[in-house]
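Trainee: Following this message is one structure expressed as structure tokens.
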Amino acid sequence: MKCVVGMSGGVDSSTSAAILKERGFDVIGCTFKMFESGKSKMAIDNARKVADFLKIGHEVIDCVEEFKKYVKDYFVESYENGFTPNPCVMCNQFIKFKYLNDFRRKHSADILATGHYVQLKKTNDRVELFQAEELRKDQSYFLYGVDREILKVAEFPLGGHPKSHTRELARKFGIHVAEQAESQDICFLQNNDYASFIEQHSQKSYANGDIIDTCGNVLGRHSGTINYTIGQRKGLGLSGGPFFVCRINPVQNEVVVSDKKGIEVNKIFLEGVKFLNEEYLGKCEVKIRSIGEKNPSEIVKIEDNYCVKLGLPEYGAAHGQHCVFYMGNMLLGGGVISHAM
């Protein structure tokens, strides 16, 4: 059988390729060129070196323009509008898996694979996605938007093992990136500097403005609304408090702050909801951040939209964040937060 593997040049995807080759697959590596930078060039070089070492085919797919449209532009426009984006969710939905599946079809391969830490179960026409064995590394939150037809031909070789086991396998295979440090940053940012990227990408400057309380009293000055997110406490430069960002008004160029009670929400309203299998309404658990705890909740439908009634209050739920649904460790689906109360 033939398998294409998305290879980022890191230890996870490299080890996935080695595992599948050891299982007897005819493996072809695929690396995406998503932007121009030294970091991108290094990733491509590492992936090519691993592919040569494993004696598998390897190709680079240029998707710079698509990545700009679906990820970079989205990221910048979200911050300009006072929203909180998650570029990794969008990249998986519109770039990585779509182009990897196109690459699979081009090479008449049976399956596609990545180094994501998730577990997959397929039964007849049903596909179920579960959290990884090591919950600390679980990446299911980022995959809820991937098309289920693509997941039907997907494999995730690492999901059933801890990260330490991946490194052990990489050493056993002799892969040169076995000890490579993990990157926690968004891939297209330098030093995780959001504001500098936004200013450079948009070719704009963002003016200082007032920080006000919920009664309209001016408490201080902000350095441009793109530098703030809902729920933010640190870096406000205000005396007294503690204060939390509860609203961002880009049109008025204002950042509104409150006490912690002012960012407490009990209901979340969603748009762009996707379910992995059938629509689910009722009790489940949700996460509004990839690193957050799951919150016992209930999904209800209001006309054509969905509302999540939270079992426990959440703090700092922001327009643009993704709310992902689980039943135990099984992913049900998710959507984008439009507002909360």
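Trainee: Residue separation times 0.36 nm, minus the C-alpha to C-alpha distance between residue 203 and residue 271: what's the value?
Mentor: Numbers: separation 68, 0.36 × 68 = 24.48 nm, distance 2.98 nm.
Here the segment from residue 203 to residue 271 would lengthen by 21.5 nm.
Trainee: Here is a follow-up. Would you kindly state the longest site-free stretch of the chain, with sites defined as GluC sites (Glu not before Pro) in a DSSP loop (not H, G, I, E, B) surrounded by at most 14 other Cβ atoms within 10 Å? It would help to have the intermediate numbers written out before the result.
Mentor: Numbers: sites that count: 36, 179, 182, 278, 279, 293, 303.
After excluding every exposed loop site, the longest remaining stretch is 37-178.
Trainee: Sticking with this structure for a sec: Loop-only check: which trypsin sites (Lys or Arg not before Pro) in the range 184-233 are DSSP coil with at most 16 other Cβ within 10 angstrom? Could you put the intermediate results ahead of the total?
Mentor: Details: sites: 204, 221, 233; in loops: 204, 233.
In loop regions of the range 184-233 (DSSP not H, G, I, E or B), the sparsely surrounded trypsin sites (Lys or Arg not before Pro) are 204, 233.
Trainee: Please determine, in degrees from 0 to 90 and to the nearest 10, the orientation of helix 163-173 with respect to the longest principal axis defined by the Cα atoms of the chain, where the helix direction is its Cα long axis.
Mentor: Long axis of 163-173 versus the principal axis of the chain: about 30 degrees.
Trainee: Using 0.36 nm per residue of separation minus the Cα-Cα distance, give me the extension gain between residue 180 and residue 253 in nm, one decimal.
Mentor: Between residue 180 and residue 253, full extension yields an extra 22.0 nm.
Trainee: How high is the relative contact order of the range 139-278, in percent, with contacts defined as C-alpha pairs under 8 Å that are six or more residues apart? Walk me through the intermediate numbers first.
Mentor: Working: 141 pairs, mean separation 25.1, N = 140.
That works out to 18 percent.
Trainee: Given 0.36 nm per residue, what is the gain on full extension from residue 234 to residue 147 after removing their alpha carbon distance, in nm?
Mentor: Details: separation 87, 0.36 × 87 = 31.32 nm, distance 3.76 nm.
Gain in length upon complete extension: 27.6 nm.
Trainee: Ok, one more. Between beta-carbons, use under 15 Å as the cut-off and find the net charge around residue 261, counting Lys and Arg +1, Asp and Glu -1.
Mentor: Details: positive: 233, 247, 260; negative: 213, 259, 264, 314.
Its environment carries a net charge of -1.
Trainee: Which aspartates and glutamates, if any, have their Cα less than 14 Å from the Cα of residue 283, not counting same-chain residues under 8 positions apart?
Mentor: Within the straight-line limit of under 14 Å, residue 283 reaches these aspartates and glutamates: 298.
Trainee: Go through 33/106; 49/163; 121/274; 137/172; 163/301; 55/274 and tell me which ones have a Cα-Cα distance over 28 Å in this structure.
Mentor: Working: 33/106 18 Å; 49/163 22 Å; 121/274 19 Å; 137/172 21 Å; 163/301 38 Å; 55/274 39 Å.
Among 33/106; 49/163; 121/274; 137/172; 163/301; 55/274, the Cα-Cα distance tops 28 Å for 163/301; 55/274.
Trainee: What share of the DSSP beta bridges in the range 206-258 is antiparallel, in percent to the nearest 5? Display every interim value, and only then the final one.
Mentor: Details: 9 of 13 bridges.
Of all bridge pairs located within the range 206-258, approximately 70 percent are antiparallel.
Trainee: Report the FRET efficiency, 1/(1 + (r/R0)^6), for residue 22 and residue 192, where r is their Cβ-Cβ distance and R0 is 30 Å, rounded to 0.05. Spell out each step's value before the answer.
Mentor: Details: r = 36 Å, r/R0 = 1.19.
In this case the efficiency is close to 0.25.
Trainee: As I understand it, the value is the acute angle between the Cα axis of helix 11-22 and the longest principal axis of the Cα atoms of the chain; what does it come to in degrees, rounded to 10?
Mentor: So the inclination is approximately 30 degrees.
Trainee: Once you put a point 7 Å from the Cα of residue 110 and another 7 Å from the Cα of residue 36, both along the Cβ direction, what distance in nm separates them?
Mentor: 4.2 nm
Trainee: Straight-line reach from residue 21: which aspartates and glutamates have Cα under 19 Å away, leaving out those fewer than 8 places along the same chain?
Mentor: 12, 52, 59, 110, 155, 168
Trainee: I need the trypsin sites (Lys or Arg not before Pro) found in the range 116-177, filtered to DSSP loop residues with at most 15 other beta carbons within 10 Å of theirs.
Mentor: Working: sites: 121, 122, 126, 136, 137, 148, 152, 163, 167, 171, 172; in loops: 152.
Answer in residue order: 152.
Readers should treat all values here as calculations from the given coordinates under stated rules, not as data from a laboratory. Since this is a predicted model, take the numbers as computed values, not measurements. Please note: Cβ atoms are built from the backbone with ideal geometry, for glycine as well, and neighbour counts cover all protein chains shown.
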